Amino acid sequence: MFKIPHIIAHRGASIEAPENTIAAFRVAGARNAKWVECDVTLSADNKCVLIHDETLERTTNGTGPIHQSDLATLRGLDAGAWFSDIYKGERIPTLTDTLETLYFMEMGANLEIKPSGCDPVRLCHEVIAELKRAKDLPILISSFDDIAVAEMRKHAPEIPCGWLLETLPKNWKAEYDRLGASAIHIDHAALTPVSAAEIVKAGVPLVCYTINEVDRARELFAWGVTSVITDDPAKLITAIPHRPL
Ligand code: G3P
Ligand code: MG
């Protein structure tokens, strides 16, 4: 598998620009982030779109569940003004737009599959079709959704897939092996020096979310963490330009 960069911009540089928008991905690149983390789901007409929530209210001027709006409706919404007037007119990106932007910027992504009420199997098949057209991009899939992880492993075993967790189960290694995952992605608050060491000793790449403080990122790297996902890539990359050995 490709090398996972030590810092990944959560939903783009989401402290500086509206999350999960092309603007946020561009700002992340401008801050020297090599990868972004972003959330993909389906519109009512089964197009892959990037948005975190199940509903439109928080990050757009629309209302209701994403999976009940078609792409034309979603693309007509403003996904930037809620964050700042300077981002007024920013749109909900399609996965196609996102992959093109990342390719142009020579970046990669941790693409989190979020069914958010849509059919996880259909979502995986649409994502696989898109990723097959973007073979040169380093893409690490992840999902909290067990059906999505299983479906990705079954139909696209060549695409690395992180096992996304809020807490580490006791029998994590057996389940990790059974899934055929390529990394563990876990809430940093659920990690201890002991559990981190166990994962690292097993040779499993360890990705943590969401860390916005430099001291905490340094501590996690000292525990052997591979990569931290942050809203503030500018701050973390400036302070920690390389993963400490
Ligand atoms: O993928 C890491 C992190 O993004 C998972 O949580 O809710 O921010 O998508 P959330
Ligand atoms: Mg996410």
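FYI, it's all coordinate maths here, none of it is from the lab. Only a predicted model underlies this, so the values are computations on that prediction, with no experimental measurement involved. Note that each Cβ is placed from the backbone with ideal geometry, even for glycine, and that neighbours are counted across all protein chains shown.
Of all residues in segment 103-131, those satisfying the criterion of being among the aliphatic types (A, V, I, L, M) and more than 16 Å from ligand 2 (Cβ to nearest atom) are MET105, MET107, VAL121, ILE128, ALA129, LEU131.
Could you please give the count of residues in segment 141-161 that are within 25 Å of ASP53 (Cα to Cα), more than 16 Å from ligand 1 (Cβ to nearest atom) and small (Gly, Ala, Ser)? Residues meeting the conditions: 1. When the residues of segment 1-52 are filtered to those that are acidic (Asp, Glu) and within 13 Å of the chain's Cα centre (by Cα), the one that is farthest from ligand 2 (Cβ to nearest atom) is GLU19. Just one of the listed residues (THR192, THR96, THR101) is hydroxyl-bearing (Ser, Thr, Tyr) and free of Cβ contacts under 8 Å to residues at least 40 places away in the same chain, and it is THR192. Out of the residues in segment 185-223 meeting the condition of being among the aliphatic types (A, V, I, L, M), within 16 Å of ligand 2 (Cβ to nearest atom) and in contact with a Ser or Thr (Cβ under 6 Å, 6 or more places away or on another chain), tell me which one is nearest to LEU245 (Cα to Cα). Selected residue: VAL207. Being within 16 Å of ligand 1 (Cβ to nearest atom) and of a type in the set (D, E, K, R) holds for only one residue in ASP187, ASP215, and it is ASP187.
Within segment 112-130, how many residues are surrounded by fewer than 16 Cβ atoms within 10 Å (Cβ to Cβ) and either touching a Ser or Thr at 6+ places or on another chain (Cβ under 7 Å) or basic (Lys, Arg) (or both)? Residues in segment 112-130 being surrounded by fewer than 16 Cβ atoms within 10 Å (Cβ to Cβ) and either touching a Ser or Thr at 6+ places or on another chain (Cβ under 7 Å) or basic (Lys, Arg) (or both): 1 in total. Number of residues in segment 8-24 that are of a type in the set (Val, Ile, Thr), under 21 Å from SER142 (Cα atoms) and either part of a loop (DSSP other than H, G, I, E, B) or free of Cβ contacts under 8 Å to residues at least 12 places away in the same chain (or both) equals 1.
So that you can scan it fast, the table gives a plain yes or no per residue for (1) farther than 28 Å from ALA234 by Cβ; (2) in a loop (DSSP other than H, G, I, E, B):
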position	(1), (2)
ARG26	no, no
GLY29	no, no
ALA33	no, yes
CYS38	no, no
THR41	no, no
ASP53	no, yes
ASN61	no, yes
HIS67	yes, no
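Residues in segment 1-49 that are surrounded by fewer than 24 Cβ atoms within 10 Å (Cβ to Cβ), within 13 Å of ligand 1 (Cβ to nearest atom) and on the phi > 0 side of the Ramachandran plot: 0 in all. Within segment 53-72, the set of residues being more than 16 Å from ligand 2 (Cβ to nearest atom), within 19 Å of GLY89 (Cβ to Cβ) and buried (at least 17 other Cβ atoms within 10 Å of the Cβ) comprises LEU56, THR60, GLY62, SER69, LEU71. When restricted to residues that are surrounded by fewer than 21 Cβ atoms within 10 Å (Cβ to Cβ) and among the hydrophobic types (A, V, I, L, M, F, W, C), segment 205-219 contains 1.
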